[in-house]
Amino acid sequence: MKGTKLLSAACIAAAFALSATPTFAEMAKVAVSQIVEHPALDATRQGLLDGLKEKGYEEGKNLEFTYQTAQGNPAIAVQIAKQFVGEQPDVLVGIATPTAQALAAATRSIPVVFTAVTDPVGAKLVRNTEKPERNVTGLSDLSPVAQHVALIQEILPNAKRIGVIYNPGEANAVALVDLLRKAAKEKGLELVEGTALKSADVQSAAQIVAAKSDALYAPTDNTVASAVEGLVNAGNQAGIPVIGASTTYIESGALAALGFDYYQVGVQTADYVDALLKGKKVSELPVKVAVGSDLALNEKVAAKLHITFPKTLLSRATSITK
């Protein structure tokens, strides 16, 4: 009888131990596809991972977090999407437009969360942002392009021409340049455009555009972002500044930037993933524009280019590189 009691106690203890430890069945599977590695998108991915950790998901314990990059190639993004769908994760995450499009095209059943996507409607990821009708929802990083043009004029009141390089193969880049054309026209500025289909083309295209411009604008185009140092080099050679749509461009030598903290964009993306893992339907999660923007200034670059920031601008800055 005594042995039976001990056995029962041991069974109860074992059962309790099993219930306290996440089992494989409880493991949340999240697969992340990113179009290319550059600071803004890398920060988004890290913010997503940290945001999930804050919500109780830890790699190796109750979270299987798979990540691949398409190295800037949409064809590779399609291959990654097919592979991920075959692995049947609980949630797919597409960082940037091309990878999100590839994931959305690969499945109609697994929830897809996009993030760092400029124009989800134009990219045909969703039709109804308030109540997504398919298996796709997420977070937009639509740039405040009109504010960027105003920033250029505030720093360079005599500027007449803005140069921009973009990849016409990226839906997000096309949407941004359309907005830039309108904003520049409204401010009486001429837009000088150049295109780059791959990262290696950015610097040479920027050199041609910089020769005809008073400032270069660096959009949140993934091709440009992955080679922003080349854009900055072209600006330096021409003696003109680069104004960025992402604060990560400051590290590469941009004069000023107004944009999202992409780490926080990733943290906000974790809200979508967590909701889906807890059983929410995609249709219950409306598409939102990421919250928050930072103004970063680079006084080192300003000194080299003999540019003085207005005091009003310095007072609004959230970070200043000296």
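Here are the numbers for this structure:
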| quantity | calculated |
| --- | --- |
| Condition check for Ser109: out of contact with any helix residue (DSSP H, G or I) (no Cβ under 7 Å at 6 or more places or on another chain), open to solvent by 10 Å² or more (accessible area, probe 1.4 Å) and within 21 Å of Ala77 (Cβ to Cβ) | yes |
| Filtered residues of the range 104-123 (kept if closer than 20 Å to Asp221 by Cβ and in contact (Cβ under 8 Å) with a residue 40 or more places away in the chain) | Thr115, Ala116, Val117, Thr118, Asp119, Pro120, Gly122, Ala123 |
| For Thr66: the one exception among (1) under 16 Å from Gln88 (Cα atoms); (2) in contact with a Pro (Cβ under 6 Å, 6 or more places away or on another chain); (3) not charged (D, E, K, R) | (2) |
| Top-ranked residue of the range 160-178 - restricted to ones that are hydrophobic (A, V, I, L, M, F, W, C) and in a strand (DSSP E or B), ranked as surrounded by the most Cβ atoms within 10 Å (Cβ to Cβ) | Ile165 |
| Single residue of the range 136-159 satisfying the filter (surrounded by fewer than 19 Cβ atoms within 10 Å (Cβ to Cβ) and in contact with a Ser or Thr (Cβ under 9 Å, 6 or more places away or on another chain)) that is nearest to Glu186 (Cα to Cα) | Gln147 |
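One line per residue, one yes/no per condition, for (1) among the aliphatic types (A, V, I, L, M); (2) in contact (Cβ under 8 Å) with a residue 40 or more places away in the chain; (3) not assigned by the TED database to the domain that holds Pro241:
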{"site": "Lys160", "(1), (2), (3)": "no, yes, no"}
{"site": "Ala171", "(1), (2), (3)": "yes, yes, no"}
{"site": "Arg181", "(1), (2), (3)": "no, no, no"}
{"site": "Ala184", "(1), (2), (3)": "yes, no, no"}
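The values are calculated or read from the model by the stated rules, or taken from the named source; none is laboratory data. Computed from a prediction, not measured in an experiment: that's the story for all the values here. Neighbour counts are summed over all protein chains in view; Cβ atoms, including those assigned to glycine, are modelled from backbone coordinates with ideal geometry. Calculation scope for accessible area: heavy atoms of the full protein, side chains included, ligands and nucleic acids excluded. Shrake-Rupley method; radii C 1.70, N 1.55, O 1.52, S 1.80 Å.
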